[in-house]
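**Q** Encoded as structure tokens, here's the structure I'll be asking about.
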Amino acid sequence: MGLFKRRKKISPEEMREEIVRLIDESREPIYKVAFYSQEEVQEILDRLEKRWEEGKRVGRPIDYATEEELEVLYKIAKRVASKTPEELWAEYGAY
């Protein structure tokens, strides 16, 4: 076996649930601030909101994300969640 282990590919449903768990269900509000203040996140959410409206508001907006959009959101959520609340407050809390 080589130096690098292959990561198991995570399914779209697992990405959705992990994003919700890491960000929306966090007791620390700074995780939401840091995630939702990202320009890429806002651009994707704008598209998801439109699709969700077209879908008669069935489910959650995140349910309408493409796999590519989920991958972007997932990477950002993981990056945000890897920091402590103190680090995030220092970076995003001075609005």
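What follows is calculated from the coordinates using simple rules that are stated; it is not laboratory data. Please read these numbers as outputs of a predicted model, since none were measured by experiment. Cβ sites come from the backbone with ideal geometry, for glycine too, and all protein chains shown count toward neighbours.
**Q** Just to be sure I understand the model, the point goes 7 Å from the Cα along the line to the Cβ. What's the resulting Glu25 to Arg60 distance in nm?
**A** 0.9 nm
**Q** Relative to the Cα centre, what is the charge dipole magnitude of the chain, using +1 at the beta carbon of each Lys and Arg, -1 at the beta carbon of each Asp and Glu, and rounding to the nearest 20 debye?
**A** Values: 19 positive and 22 negative charges, 97 e Å.
Charge dipole of the chain: 460 debye, to the nearest 20.
**Q** Here is a follow-up. Considering the values (1) -0.50, -1.24; (2) -0.42, -1.37; (3) -0.48, -1.37, which represents log10 I(q)/I(0) by the Debye sum over Cα atoms at q = 0.13, 0.24 Å⁻¹ as calculated for the structure under consideration?
**A** Matching entry in (1) -0.50, -1.24; (2) -0.42, -1.37; (3) -0.48, -1.37: (1).
**Q** Using the structure shown, select from Lys8/Lys75; Lys50/Lys83; Lys8/Lys78; Lys32/Lys75; Lys9/Lys50 the pairs with a Cα to Cα distance greater than 24 angstrom.
**A** Values: Lys8/Lys75 15 Å; Lys50/Lys83 31 Å; Lys8/Lys78 16 Å; Lys32/Lys75 15 Å; Lys9/Lys50 28 Å.
Table pairs above 24 Å Cα-Cα are Lys50/Lys83; Lys9/Lys50.
**Q** Which order do the peptides 53-60, 38-45 come out in when sorted by mean C-beta neighbours inside 10 angstrom, highest first? Each step should come with its number before you reach the end.
**A** Details: 53-60: 10.0, 38-45: 14.8.
Top to bottom by mean Cβ count within 10 Å: 38-45, 53-60.
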